[in-house]
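**Q** Below is the structure I would like to discuss, written out as structure tokens.
The values are calculated or read from the model by the stated rules, or taken from the named source; none is laboratory data. The structure presented is a predicted model; accordingly, all values stated were derived computationally and were not measured. Cβ: placed from backbone, ideal geometry, glycine included. Neighbour counts: every protein chain shown.
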Amino acid sequence: MDENLDEIKWTLKKYSQEHLLNGFDNLSEKNQKELLHQIKDIDFDLMKSLYENTKKETKVEDFSIKPIDYVDKDKLYDNYKKYQAIGIEAIKNRKLVAVTMAGGQGTRLGHKGPKGTYDIGLESHKSLFELLSDGLKEQGHKYGVTIPWFIMTSKENNDETVQFFAKNRNFGYEKDKNLFFFKQEELPMMDMEGKILIGEDGLVKEAANGHGGIYQALVKNGMTKKMRELGAEWVFIGGVDNCLVKMVDPVLMGIAIDKHVTAAGKSVVKANPQEKVGVFCKKNGRPSVIEYTEIPKEMAEQVDSNGELVYGESHILCNLFNIDAIERMGSKPLPYHTAFKKATYIDENGNKIVPDGPNAYKFEAFLFDAFGELDDMAIMRVKREEEFAPVKNATGTDSPETARELYRKFNHLS
Ligand code: UTP
């Protein structure tokens, strides 16, 4: 270990991160090993460049943004039945699996524990995971199949998630047969001076690398291989925090198959030009999502001859991909975006610092940054009140209260 330690110290000195070993002597032997392991895994050049990016002004890139074609599920008329029949056949032939991304930290909600374990306050007191599993089972049942369910966790919440499922008898699923857990990767958090943080346990403070980590996590953990073994071709990927998410949608699948595209996404109409959501578009001729922070005001407000927003198809993290597309998207690293978050940490002198506000950088990749790898993507507009009830904030918009209301209304609960 000594040889290793010398090498590690040299690396830390080179990148001015020597403080990472300040508390080393006070750690248990197990944690000493873990810390050294963590340090060896850090890509210090990447961390250095990510820190440098935090100092750069975000430049509006020189790209061409154009509206993207979409279809409205409500206005498919004769095609509705055609697409539905194609999708149903594929589902019955077990071509579909579902993935729930549950690796996020849910900092805005502030729930202690994985977000999927959160009880949104329905009379049944069902957790988000249970609400999702109810939907998935019911939808599968309709077509006489069990849709295999893949759950992405992070290092931070994996054990608690797996235990929660076990405590609930995996909601009727069978682990490693039709229920699979896999972990996404993490990146160290940094303070405003570019120093990597040490957490309360004396180890490097890491955070999940964003929902864009999904593609690499699926490939590296052998999940796409597993999906192929199960005979699947299509993968629905959604978030854990939309309690109305419809993971099995024959019409969406039918459209993707009929149009020979490798991906299809659902959108809901942007509530107003100022709503803080990303919208589907074409960026340099490729499918993309433009963030509300990036879209120029006049573009956000532009309407067509029917008075509809030209850039009005909100991305709701409900997308369907062909396995080949996932493997292609997982083969290239995505750019990282910086988030400024609140993080408790141990300073260089061993003091615990509990901040009042955001104090640390977290680096995240976004799932839609990979859409540029796709030749085309079919977009289908669905009704917000039927498919989108997100739980993001503790109170106000997109909170348990608003999600509960939407869920009750949709399910005709009083
Ligand atoms: P959000 O971007 O809303 O993040 O995630 P979050 O972690 O739930 O909440 P905040 O921002 O910390 O308050 C949207 C979906 O993507 C998943 C989340 O679990 C959620 O289902 N996600 C996000 C991941 O799986 N991994 C990540 O690294 C980030």
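**Q** Can Val248 be described as within 30 Å of Arg404 (Cα to Cα) and either modelled with pLDDT of 95 or more or part of a strand (DSSP E or B) (or both)? Break it down stepwise before answering.
**A** On the way: within 30 Å of Arg404 (Cα to Cα): yes; either modelled with pLDDT of 95 or more or part of a strand (DSSP E or B) (or both): yes.
It is true that Val248 is within 30 Å of Arg404 (Cα to Cα) and either modelled with pLDDT of 95 or more or part of a strand (DSSP E or B) (or both).
**Q** Can you pull out every residue in segment 150-174 that is within 23 Å of Asp119 (Cβ to Cβ), of a type outside the set (A, V, I, L, M, F, W, C) and in contact (Cβ under 8 Å) with a residue 12 or more places away in the chain? Show your work before the answer.
**A** From segment 150-174, those within 23 Å of Asp119 (Cβ to Cβ) are 151-154, 156-173; that's our starting set.
Still in the running and of a type outside the set (A, V, I, L, M, F, W, C): 153-154, 156-161, 163, 167-170, 172-173.
The answer is Thr153, Ser154, Glu156, Asn157, Asn158, Glu160, Thr161, Asn168, Gly172, Tyr173.
**Q** Do you know which residues across segment 290-303 are at pLDDT 95 or above and in a loop (DSSP other than H, G, I, E, B)?
**A** Gln302
**Q** Next question. I'd like to know if segment 228-247 contains one or more residues that are surrounded by 17 or more Cβ atoms within 10 Å (Cβ to Cβ) and out of contact with any helix residue (DSSP H, G or I) (no Cβ under 9 Å at 6 or more places or on another chain). Step through it out loud before you land on a result.
**A** Looking only at segment 228-247, we keep the residues that are surrounded by 17 or more Cβ atoms within 10 Å (Cβ to Cβ), and these are 232-247.
Right, trim to out of contact with any helix residue (DSSP H, G or I) (no Cβ under 9 Å at 6 or more places or on another chain) and you get none.
No - not one qualifying residue is present in segment 228-247.
**Q** Tell me the strands (runs of 3 or more DSSP E) entirely within segment 322-400 that contain at least 2 residues that are under 22 Å from Val268 (Cβ atoms). First the steps, then the outcome.
**A** Details: elements: 337-341, 360-364, 378-381.
In segment 322-400, the matching strands (runs of 3 or more DSSP E) lie at 378-381.
**Q** Same structure, new question: List, please: which pairs have Cβ atoms under 8 Å, are six or more places apart or on different chains, and start with a residue in segment 115-130 that is under 17 Å from Gly172 (Cα atoms) and at pLDDT 95 or above and end with one that is among the basic types (Lys, Arg) and within 16 Å of the ligand (Cβ to nearest atom)?
**A** Going by the 8 Å Cβ cut-off, the qualifying pairs are Leu128/Lys115.
**Q** Which of the residues spanning segment 101-155 are part of a loop (DSSP other than H, G, I, E, B), of a type in the set (Val, Ile, Thr) and farther than 19 Å from Lys342 by Cβ? It would help to see each step written out before you state the result.
**A** Here is the first cut: in segment 101-155, the residues part of a loop (DSSP other than H, G, I, E, B) are 102-114, 118, 120-126, 143-148, 154-155.
Subsequent filtering for residues that are of a type in the set (Val, Ile, Thr) retains 107, 120, 145-147.
Listed by number, the residues that qualify are Ile120, Val145, Thr146, Ile147.
**Q** Also: Can you spot a residue in segment 83-95 that is crowded, with 22+ Cβ neighbours inside 10 Å, within 16 Å of the ligand (Cβ to nearest atom) and modelled with pLDDT of 95 or more? Spell out how you get there, then give the answer.
**A** Of the residues in segment 83-95, the ones crowded, with 22+ Cβ neighbours inside 10 Å are 83, 87, 91.
Narrowing the set further to residues that are within 16 Å of the ligand (Cβ to nearest atom) leaves none.
No: zero hits.
**Q** Being away from the ligand (no atom under 11 Å from the Cβ) and not aliphatic (A, V, I, L, M) is the filter; apply it to segment 144-154 and report the residue that is surrounded by the fewest Cβ atoms within 10 Å (Cβ to Cβ).
**A** Gly144
**Q** Related question: Asn178 is checked against (1) at pLDDT 95 or above; (2) farther than 27 Å from Met227 by Cβ; (3) among the polar types (S, T, N, Q) and fails just one. What number does that condition carry?
**A** (2)
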